[in-house]
1. Can you tell me the length gained on complete extension of the stretch A:ILE67 to A:ALA237, counting 0.36 nm per residue apart and subtracting the Cα distance?
2. Compute, for A:ARG159, the solvent-accessible surface of its heavy atoms (probe 1.4 Å) with the complete set of protein chains present, and express it in square angstrom to the nearest 10.
3. Hey, if we sort B:GLU200, B:GLU223 by accessible area with the 1.4 Å probe, largest down, what's the order?
4. Once every DSSP H run of n ≥ 4 in the protein assembly as shown is given -39500 (n - 2.57) and the sum is divided by its residues, what mean residue ellipticity at 222 nm do you get, rounded to the nearest 500 deg cm²/dmol?
5. Determine how large the accessible area of A:LYS148 is when every protein chain is in place; take a 1.4 Å probe and give Å² rounded to the nearest 10.
6. So how far apart, in nm, are the two label points at A:ALA93 and A:LEU32 if each is 7 Å from Cα heading toward Cβ?
7. Of the listed peptides A:136-147, A:7-18, what is their order by residue-averaged count of other C-beta atoms within 10 Å, with the highest listed first?
8. Only Cα pairs under 8 Å and at least 6 apart count here; give the relative contact order of segment A:41-258 as a rounded whole percent.
Amino acid sequence: MKSLQGKPTELLAILGMGVLMLAIWEFLPPALGVPKYIIPTFSDCLNELSRMFARQDMLGHTVSTLISTVIGFILGSLLGAACGYLLGMSPLAEKVLSPYILGLQIAPKVAFAPLFIIWFGYGDIPKLLVTVLIVFFPILVNVLQSMKTVDHDLVNLARVYSMNRWTIFRKIEVPSSLPNLFAGLRIGATLAVIGVTVGEMVGGNTGLGFLITYGEGQANTAMVFNAIIFLTIIGIALYFAVSGVEKRVLHYLERNDQH
Amino acid sequence: MTSSLDLQNITKVFTDAKTGSSVTAVTDMSFSVAPGELVAVVGPSGCGKSTILNMVSGLYGPTEGRVLLDGKPVTGTRPEVGFMLQKDLLLPWRNIVQNVEFGLEEKKMSRADRRAKAMEELTRMQLVDFADKYPHHLSGGMRQRAALARTLAIEPEIILLDEPFSALDAQTKLVLQRHFARTIAETGVTCVLITHDLNEAVILADRVVVLSGRPGRVIDEFEIDLPHRTDPLKRSLEPQAGVYVKRLFDALHLEDQDAA
Ligand SMILES: Nc1ncnc2c1ncn2[C@@H]1O[C@H](COP(=O)(O)OP(=O)(O)OP(=O)(O)O)[C@@H](O)[C@H]1O
Ligand SMILES: [Mg+2]
């Protein structure tokens with residue numbers, strides 16, 4: 001991430017690379033005779049994008065996907081963290097549940113999307129559920145891991161100071177777990193977009209995921225490209241929002257990314 | 001107020017929950033520490049020194065025997081006990097003054113009093129300028145001084161120290177030992193100091209307890225009759241100091257281990 005504040009030459013190189021790739025995208029496919037409906041050029045996509053904003057309510061779809069992503073991410077994170085801390089506090093429950101958690105963690109969560117549509121119909125609930133489910137596990141696992149690796153001597157120190165279980169949780173375990181929690185949140189932020197996209201592709205008539213299936217039906221490749229690009233932007237924005245919060249909260253950690 | 005400590009015929013057996021095998025860490029161990037006294041405990045690695053401190057601090061009880069603080073059996077952790085390890089155990093998410101306040105947060109005192117008390121201890125440890133720095137900004141010696149400030153802030157009646165200086169370089173160690181010797185002389189607090197450093201035991205302690213290899217038992221115990229209790233550096237230059245170190249050396253049979 002340091003490259004963004006890096007030396008001006010580095011920045012120039014990065015920008016130059018971007019321009020180069022756009023140029024290749026613009027000129028190479030036509031030069032090779034690849035038709036538009038296979039790979040639309042950069043300018044084709046831009047034209048289609050302005051059409052989509054004017055006629056297809058691109059703004060509405062983008063905002064809808066953004067809101068679903070953020071809500072799904074927040075709900076999934078809260079649930080994942082809460083379960084992680086609860087299981088971390090009770091080793092017995094953790095032992096009993098861990099094989100099931102492992103099983104669910106491996107199960108491809110997006111495959112649940114059709115099931116949720118059968119159960120809850122076409123609406124916002126299925127895509128939110130997929131997102132919550134997909135965000136839930138990495139955060140649960142990270143928090144649980146951190147609870148198991150809390151420095152035992154710190155806990156003993158707190159006990160010698162006669163702190164009770166709840167105080168130890170608040171003053172030692174939660175702060176110790178924050179780096180892990182944020183690692184989970186960063187993974188969750190990227191996964192949330194996948195959850196929403198799949199939910200929108202499988203059912204419903206709003207959002208960028210819907211535009212992908214709609215564009216596919218119309219053989220409108222540029223529309224599909226644009227939807228993918230906007231989904232990526234949403235993912236990047238969420239990721240940077242999370243890591244921005246992380247930098248502020250974990251300001252006390254030694255940073256190694258300066259060299 | 002300072003406390004007396006009495007260990008009576010302590011045996012501690014650890015049983016592994018998974019394999020069912022058990023380890024006897026210490027066996028039939030007895031020694032006592034008078035109020036205001038500093039007793040050093042030395043012994044080979046794994047002989048149960050840390051185990052003793054954990055039992056005195058009330059983290060767990062002995063399998064057999066009794067631990068008495070001021071004549072009363074220890075049944076759990078108590079607010080009058082201070083605790084210091086080789087690791088400074090500073091909380092990285094708190095700045096130095098907040099770290100010193102940590103132990104005070106369980107006491108009924110106002111936020112302002114807590115801050116005042118913490119700053120007082122930091123002044124004594126010459127760390128006032130670092131009050132709002134985070135632990136990773138400090139050197140190892142400063143961090144251990146901050147840990148000492150935190151330990152003293154709660155005005156303990158007994159301080160348990162588990163190799164508190166062993167991770168420091170030689171110079172920092174000397175400075176900190178002197179700091180420590182002066183401070184505990186001022187407060188008159190009772191101390192149990194576990195150490196691997198025989199020289200440290202002689203220059204800091206009023207009395208030394210020597211333990212055997214596992215399972216630990218007391219194999220020797222003697223007073224250190226040297227001047228300069230508040231100045232370990234001066235004390236180490238006393239001719240008699242070397243004699244005490246030699247006695248510890250012999251008691252631990254370190255010579256026999258040469259070949260190994
Ligand atoms: N919680 C525990 N569970 C099982 N065994 C333990 C436990 N704590 C200590 N032991 C065992 O008891 C013995 C004594 O341990 P202890 O840590 O007290 O030794 P020590 O004298 O402090 O050693 P060192 O000088 O290396 O610090 C060791 O064999 C150790 O493996
Ligand atoms: Mg030890």
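The values are calculated or read from the model by the stated rules, or taken from the named source; none is laboratory data. Because the structure is a prediction, the values reported are computed rather than measured. Cβ sites come from the backbone with ideal geometry, for glycine too, and all protein chains shown count toward neighbours. Quick note on the areas: whole protein, heavy atoms, side chains included, nothing else; ligands and nucleic acids left out. Shrake-Rupley method; radii C 1.70, N 1.55, O 1.52, S 1.80 Å.
1. Working: separation 170, 0.36 × 170 = 61.20 nm, distance 1.26 nm.
Computed gain between A:ILE67 and A:ALA237 is 59.9 nm.
2. So the heavy atoms of A:ARG159 present about 80 Å² to solvent.
3. Working: B:GLU200 5, B:GLU223 110 Å².
From most exposed to least exposed: B:GLU223, B:GLU200.
4. Details: 19 runs with 286 residues, N = 519.
So the calculated ellipticity at 222 nm is -18000 deg cm²/dmol.
5. Number for this one is 120 Å².
6. According to this spin-label approximation, the distance is 5.5 nm.
7. Working: A:136-147: 23.7, A:7-18: 10.4.
Order by mean packing, descending: A:136-147, A:7-18.
8. Numbers: 256 pairs, mean separation 60.3, N = 218.
Relative contact order comes out at 28 percent.
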